[in-house]
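What follows is a set of notes on a single structure, which appears directly below.
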Amino acid sequence: MDNRSEVSEFLTTRRARITPQEAGLPSYDGSTRRVPGLRRQEVATLAGLSVEYYAQLERGKLQGVSEAVLDALSRALQLDDAERAHLFDLCRAANTTARAKRRGPRTVRPAVARIVEAITDIPAIVRNPRLDIVTANPLGYALYAPLFPDPRHPDPTAPANMARFTFFDPRAGDFHPDWTAAAERAVAILRTEAGRDPFDRDLSDLVGELSTRSEAFRTLWARHDVRLHQNGVKRFNHPIVGSLNFDFETLDVAADQGLTMTVYSPEPGSPSADANALLASWIATGDADGHRAAQRHESA
């Protein structure tokens, strides 16, 4: 991924979404506006920078840029926490000399696996930056049963990938009742991770594959949206137990850079809690083919 292009397109898309009125500027200055959002000179003024310097930044030249300038840009472009962090990540990458390498663990340490397995009443999964599910507890595997195995990936030993499922598998539209939100979330997470580590060759390969095979992915990727995927609500339409609404919390596995653990919790006494209990019964009866396949897949 070309850092200069990433920086340029990110700043351009953020500038284009803000109207003069939203920025506190006069809506009409006597000239014809040829851009949907702010002009470069308006962003420069709001950030307290010269037009020439801002134009240089928007061409992707972030080498040597100070935190004060990045903070000023963040305020001028009204960036949220995820977008501000992404801008700082892009700047860090612009000032780093590194070679592409394969990163992002495909397995977890035994201690982490035991912690996940100890969560018995609700689904829990661990993923890496590429949205591979690297391990889960039985309910986690059962929840994501449609993803296992993943025959669409050329490497049959690779873990199931949430993004590939979302954009390539025809069942994804049923599994995700709000497919658009699920697709936007997946792309925003991958875009965020790409900013954090542009030298992850596996991530670049995944983005290239998704871009080549999915027009929907290409369209969302071009928006340069990013997101901090920390908590919220997710809805599923499971092929066995039906509708499930979960609150989720995502935590970084601090000792394993790039791994995050997500735990899904239904509201007590809700229909989703009943469906979650039914999911546990499905496992207990031995009929959870997806769960068994997932366990074989992980141990391969």
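Read the figures in this text as sums done on the coordinates, not as results from a lab. What you see is a predicted model; the values in this text were computed from it and never measured. A quick note on method: Cβ atoms are made from the backbone with ideal geometry, for glycine too, and the neighbour counts reach across all protein chains shown.
Using 1/(1 + (r/R0)^6) with R0 = 51 angstrom and r between the beta carbons of Arg114 and Arg92, what's the FRET efficiency to the nearest 0.05? Taking R0 as 51 Å, the efficiency between Arg114 and Arg92 is 0.90. The angle between the Cα long axis of helix 3-16 and the main principal axis of the chain comes to about 80°, on a 0 to 90 degree scale. Helical content of the chain, expressed as a calculated mean residue ellipticity at 222 nm, amounts to -14000 deg cm²/dmol (DSSP H runs of 4 or more residues, -39,500 (n - 2.57) each, divided by residue number, nearest 500). Rg/Rh for region 110-299 (Cα atoms only, Rh after Kirkwood) is 0.94. Treating the angle as unsigned and between 0 and 90°, give the value, to the nearest 10°, between the Cα long axis of helix 81-94 and the longest Cα principal axis of the chain. Roughly 70 degrees, rounded to the nearest 10. Note on the chain: with charges restricted to the Cβ of Lys and Arg (+1) and Asp and Glu (-1), its dipole about the Cα centre is near 920 debye. Within the P(r) computed for region 191-279, what percentage of the Cα pairs occupies the region above 16 Å? That fraction is 68 percent.
Counting 0.36 nm for each residue step from Ala55 to Asp81 and taking away their Cα separation leaves a gain of 7.0 nm. Dividing the mean sequence gap of close Cα pairs (under 8 Å, 6+ apart) by how many residues region 32-97 holds gives a relative contact order of 32 percent. Reducing region 210-260 and region 157-178 to their Cα centroids gives an inter-centroid distance of 11 Å. Compute the acute angle (0 to 90°) between the alpha-carbon long axis of helix 67-76 and the principal axis of greatest extent of the alpha-carbon atoms of the chain; round to the nearest 10°. Between the helix axis and the principal axis of the chain, the angle is about 90 degrees.
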